[in-house]
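**Student:** Have a look at the structure that comes next, please.
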Amino acid sequence: MREILYLQAGNYSNFISTHFWNTQDAYGLTQSSDENPVEDQVSFTERYTPNGATYYPRAIMFDYKENFGTLAQSNALSGVNESESTDPKPGLWDQSVDEIRQNRLARSSYHAQLEEEDQNSSQPTRPEEIRYWSDFSHVYYLPRSIQRVNRPGSGDATSDAWKESQDQFRQYNKASDNDLMDTSVRLFLEESDSIQGVHLMTDVTTFGGFSDALMVQLEDEFLKTPTVAFPILSANTAHADTDDAQSIRRILNEALYLRSLREHATLSIPISIPQTWSEKAWIGSPMPKSPYFSSSIIAAHVETVTYPLRMRTPPDTISTFGSRLLADGGSPPFAEISGVIPVGNGTNFGHSLANFTNPSAQCNEGRFFSLRDVTRGFDSLERRNYEGWRNGFIGHSKPETLSFSGFPLTAPFHTALSSDAQTLGTVHVLSRLSISNGLARLFKSYASLIDASMRRRSAGIMAMGIDTDDIAELITDLWTIHDSYPAEAQSHDDDGNVMGSDEE
């Protein structure tokens with residue numbers, strides 16, 4: 001059946017994934033089973049009840065306990081069971097009891113509206129009403145999907161510590177009621193006919209080391225599985241200062257995770273946080289740049305580039321998904337993600353294409369080694385405009401282009417897009433995966449900043465508790481990845497220092 005196991009770790013990753021699952025749910029709501037090109041059982045597992053079949057995401061969601069909101073372990077739309085008695089249970093103590101209760105979290109207005117009016121997941125939601133990523137979820141989850149993790153200590157000093165994050169996973173996994181490999185993971189894998197791989201999305205700042213240890217454990221228990229990874233990067237390397245301890249910790253944390261993904265993932269597609277995006281990424285919307293809205297944009301592009309993995313007649317599996325993009329065999333397993341949403345007859349693709357991996361990069365900047373475009377819902381005029389633009393600036397290396405029906409119109413696109421999209425019920429989208437020398441610049445920035453911090457023995461580096469020899473090895477590995485992109489190859493001395501660059 002080519003099932004996919006989805007692992008999502010961190011608050012923003014779960015915001016993105018909630019939009020992703022709402023979109024999967026929308027296929028069944030807007031199309032009949034015969035018309036729906038998506039094979040539900042690739043991403044969902046089925047359970048039968050007296051009321052019929054119910055589909056649950058084949059997902060395991062990690063986040064800090066306080067970020068789950070009203071999400072109950074058995075039902076995404078339910079909070080605490082309101083029928084439970086609030087009276088104290090009888091016990092040995094027969095005297096008066098002073099009891100202090102924390103106020104229960106109220107249901108989100110979105111879920112209240114769903115239950116009262118029986119609306120579907122496309123109902124518009126106001127961003128200011130969203131408190132948690134569970135507030136706008138419209139799918140049901142199995143108890144094994146919900147993994148509430150204790151926050152590691154207090155303050156930023158521990159949230160991005162690599163070793164502590166790795167240890168946090170090991171401690172969580174050893175807990176008597178959380179043995180992931182023998183419970184959640186094994187059960188999802190055993191009920192799959194033929195697992196095609198893992199879809200991993202991670203907030204690297206908070207769950208980088210955690211996810212690294214999770215993938216190592218997964219490989220130890222079940223052998224290496226094809227994996228497509230979406231690391232969410234929060235460090236702004238373009239404006240980082242070696243004297244800023246928090247920034248350097250995040251940069252080192254992310255560099256360690258990216259190096260780990262080179263070994264564990266079939267293809268990794270880094271995504272920068274919304275604060276670094278260019279204005280064209282925001283589709284001209286008057287809506288606030290909230291996690292709820294920004295995550296919907298990323299979710300649309302992630303859902304679109306991975307759409308071929310979930311089709312009834314798939315052109316791809318996760319293993320071929322990466323190998324086709326890395327056809328030359330010499331590039332590291334990393335790609336950039338970019339796109340345009342919404343697309344209309346008057347769209348200027350060259351002006352509108354936003355790069356979410358390297359937000360400062362221009363669409364026609366640098367050298368492209370491989371391209372794959374996925375278009376959704378294009379009409380004849382939009383297709384002519386797209387092909388003219390595409391052939392104009394990359395005529396020497398035409399991308400592979402896959403075309404499908406439009407992206408289902410889910411919240412918050414209802415209120416952000418034009419009335420035409422609302423009438424049609426779909427959004428037209430261009431999403432792109434590419435390999436270019438922009439990736440070389442990404443790894444150069446990490447290597448240069450970590451090297452400079454090491455030389456200065458900055459507080460951010462020294463506070464991580466990582467041996468200097470290990471950091472030196474990391475710097476060398478980052479330059480090795482950088483040098484794999486021939487357009488920006490550099491020479492280094494024996495210590496990994498830059499001797500010269502054809503980029504300058």
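The values are calculated or read from the model by the stated rules, or taken from the named source; none is laboratory data. Keep in mind that this is a model prediction, so the values were computed, not measured. With ideal geometry, Cβ positions are generated from the backbone for all residues, glycine too; neighbour counts draw on all protein chains shown. Remember, those area values only see protein heavy atoms, side chains included, never the ligands or the DNA or RNA. Shrake-Rupley method; radii C 1.70, N 1.55, O 1.52, S 1.80 Å.
**Student:** Is the C-alpha gyration tensor of the stretch 242-377 telling us rounded, prolate or oblate? Criteria: a/c under 1.5 is rounded; beyond that, a/b larger than b/c is prolate, otherwise oblate.
**Tutor:** oblate
**Student:** Let me ask something additional. Rounded, prolate or oblate: which fits the stretch 181-325 when a ≥ b ≥ c are the square roots of the eigenvalues of the alpha-carbon gyration tensor, with rounded for a/c under 1.5 and prolate only if a/b beats b/c? Intermediate values should be presented prior to the final figure.
**Tutor:** Working: a/c = 2.14, a/b = 1.32, b/c = 1.63.
It comes out oblate by the Cα gyration axes.
**Student:** Compute the length gained on full extension between R262 and D182: take 0.36 nm times their separation in residues and subtract their Cα-Cα distance, giving the result in nm to one decimal.
**Tutor:** Residue separation times 0.36 nm, minus the Cα-Cα distance, leaves 26.2 nm.
**Student:** Still on this structure, please answer the following. Using a 7 Å offset from Cα along Cα-Cβ at F222, what residues in the stretch 187-205 end up with backbone N under 20 Å from the label point?
**Tutor:** Label zone hits: 187-203.
**Student:** What does the highest-first list of 224-237, 468-481, 292-305 look like by mean Cβ count within 10 Å?
**Tutor:** Working: 224-237: 21.9, 468-481: 17.0, 292-305: 24.9.
Ranked by mean Cβ neighbours within 10 Å, highest first: 292-305, 224-237, 468-481.
**Student:** Something else now. Given Cα pairs under 8 Å that are at least 6 residues apart, what percent is the relative contact order of the stretch 126-251? Write down the numbers at each step before the final one.
**Tutor:** Numbers: 107 pairs, mean separation 30.6, N = 126.
Across the stretch 126-251, relative contact order equals 24 percent.
**Student:** How do W21, W162 stack up against each other in accessible area, from largest to smallest, with a 1.4 angstrom probe?
**Tutor:** Values: W21 0, W162 20 Å².
From most exposed to least exposed: W162, W21.
**Student:** Further question on the same structure: Multiplying the sequence separation of S323 and A238 by 0.36 nm and subtracting their Cα-Cα distance, what value in nm do you get?
**Tutor:** Using 0.36 nm per residue and subtracting the Cα-Cα distance, I get 27.6 nm.
**Student:** In Å², and per residue, what accessible area does the stretch 155-298 have when probed at 1.4 Å with the other protein chains present?
**Tutor:** Counting only protein heavy atoms, the per-residue value for the stretch 155-298 is 38 Å².
**Student:** Computing the accessible area with a 1.4 Å probe over protein heavy atoms, can you report the carbon and sulfur percentage for the stretch 195-340?
**Tutor:** C and S atoms contribute 51 percent here.
**Student:** Could you check the spin-label model distance between Q275 and R367? Points 7 Å from the Cα along Cα→Cβ, value in nm.
**Tutor:** Here the modelled spin labels are 3.5 nm apart.
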